1. Of the conditions (1) more than 14 Å from chain A (Cβ to nearest Cβ); (2) buried (at least 19 other Cβ atoms within 10 Å of the Cβ); (3) outside any strand (DSSP E or B), B:Ala195 clears all except one; give me its number.
2. Test B:Gly64 against the criterion of being modelled with pLDDT of 95 or more, at positive phi, of a type outside the set (Val, Ile, Thr) and in the same structural domain as B:Arg141 (by TED's automatic domain parsing), and give yes or no.
3. Of everything in region B:156-173 that's in contact (Cβ under 8 Å) with a residue 60 or more places away in the chain and surrounded by fewer than 22 Cβ atoms within 10 Å (Cβ to Cβ), which residue is nearest to B:Val115 (Cα to Cα)?
4. Could you identify the single residue in A:Gly26, A:Gly22, A:Gly32 that is assigned to a strand (DSSP E or B) and either in the same structural domain as A:Thr131 (by TED's automatic domain parsing) or aromatic (Phe, Trp, Tyr) (or both)?
5. Here is a check on your reading of the model: is B:Ala163 small (Gly, Ala, Ser) and in contact with a Leu (Cβ under 8 Å, 6 or more places away or on another chain)?
6. Given B:Ala196, B:Ala238, B:Ala264, which one is among the small types (Gly, Ala, Ser) and in contact with a Phe, Trp or Tyr (Cβ under 7 Å, 6 or more places away or on another chain)?
7. Output the residues belonging to region B:235-286 that are in a loop (DSSP other than H, G, I, E, B), hydrophobic (A, V, I, L, M, F, W, C) and within 19 Å of B:Gln216 (Cα to Cα).
8. A:Ser55 - would you say it is of a type in the set (Ser, Thr, Tyr), buried (at least 21 other Cβ atoms within 10 Å of the Cβ) and assigned by TED's automatic domain parsing to the domain that holds A:Tyr100?
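The values are calculated or read from the model by the stated rules, or taken from the named source; none is laboratory data. Since this is a predicted model, take the numbers as computed values, not measurements. Backbone-built Cβ (ideal geometry, glycine too); neighbour counts: all protein chains shown.
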Protein chains: 2
Amino acid sequence: MQKLIKTVAELREGIDVVRRRGQSIGFVPTMGALHEGHLSLVRAARAECGCVVVSIFVNPTQFGPNEDFSKYPRTLDNDIELLAACGVNMVFCPSENEVYRKGHDTWVEVGAAAVPLEGECRPGHFRGVATVVLKLLNMVRPDAAYFGQKDYQQALVIRRMAADLDLPTEIRVCPIVREPDGLAMSSRNRYLSPAARQRALVLWKSLVLANELVEQGERDARTIAARMREVIESAEDARIDYVALVDPDSLRPVENIEGPTLAALAVKIENTRLIDNCILRGERRG
Amino acid sequence: MQKLIKTVAELREGIDVVRRRGQSIGFVPTMGALHEGHLSLVRAARAECGCVVVSIFVNPTQFGPNEDFSKYPRTLDNDIELLAACGVNMVFCPSENEVYRKGHDTWVEVGAAAVPLEGECRPGHFRGVATVVLKLLNMVRPDAAYFGQKDYQQALVIRRMAADLDLPTEIRVCPIVREPDGLAMSSRNRYLSPAARQRALVLWKSLVLANELVEQGERDARTIAARMREVIESAEDARIDYVALVDPDSLRPVENIEGPTLAALAVKIENTRLIDNCILRGERRG
């Protein structure tokens, strides 16, 4: 039986019972509006842990003032059904006041990993993410927590935080789940009109092209990025936030593709901001 | 038998054993150079918990560039003996590299509670304190952690952090322990020459005076602070960092003593920076 939990006190009680039974705990933090990407994380947790806990909380502190917090999709009843079908044990869906109590005044700041790319486009975003994830990890105290590779930089920031703060939780990162035509699954995809949904394929196409170019021997990052931009800009209303070829660990820009390189992009299509990424497998030559 | 532990891995192993036994864990984080103030915390932990863990780590990140990190007293052998006599189970004394591993880049920032007083005099101090305490709490995962009231603001910052980050640890704050003549115990007292040690009594005397004034009915904070300053400045080389009468929760300055008020001071005597404080029990009238 899946338990629906709304308060931190109830959650802690439930977790204590599981711990006393000696079961391991797998945790998947989400903002709801669940899709196959989330469910792949839940299944990974289900396969590895005795008890699976999923949180559904649209975290206000990771949204900027001009971002989509208020219109972010909320589909709680459907989410709960999907999770029950995956054999989730506890769904934690607290109110905003339950998570950020009166006087909340503590923030977690991750340094270099949080600065470029999303950090530059969304000031304060990773501060909000790191803080809420740390809070949730402290509430659930899981053995493992599961994050999606689609939010590549987020996973990097959380890994950094977990290592630096000596958290006893393993951070697992699972592959991107895509629609049959290649679009990366995202709760925000549902904002797109059918025509924009079609144009949004340019993100995936640009990553495919980058891969092809590298396979063909192209090693110059500027050339590859320029070709990717051409593909993206073939969609009439596409506005690029960034197209970046960077080191997968440091996120520092790469000039020559001489080893695994992260191709990451953020593009607005019809006012919906989409992100995607892949690792280009450049091999060292010579 | 008291166990001396140098690595996080060893510590986690030891803690796991204690947890499996079902024992509660009390934790006292220190920077060593132990005195009766520290030992009172250890005894409180000993009285309440099945297993007592004490850390000894002079945390570099809470010292400013012109502060006394390198000359901070280190008396490890003596500390270990004192702790053994108190029945401590584990002493954790890691190296700097063991605590701050390569690439450390995550910091905990507490807001308003960390801004005035020590926060103003020692920029970055509470960031270092909050970060190391959170790391240590994550390593030890204690039921209760013990802090001294002498570092009043530090205890407030840590309480705030523990509440905001949903730590499962109770934060306990124990009274100041004083020398027979009133000087608050501090590892830094040993910096003082015998003559300066005598002059340092002006801190305590100014707090006694403040208490007397309030008992006599004085309610004007500026008057009281001015009288305290007179007492302190009667020591020829005393340099005042602050003499503050503030709300004990918000640390905001108080104009009239209309309820419990924190009198807090930081004074340099002979280049040694000392702090002290007490709660003035002003009672509401009318």
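1. Exception for B:Ala195: condition (2).
2. No: the conditions fail for B:Gly64.
3. B:Arg172
4. Result of the check over A:Gly26, A:Gly22, A:Gly32: A:Gly26.
5. It is false that B:Ala163 is small (Gly, Ala, Ser) and in contact with a Leu (Cβ under 8 Å, 6 or more places away or on another chain).
6. After ruling out the rest, the residue left standing is B:Ala264.
7. B:Val254, B:Ile257
8. yes
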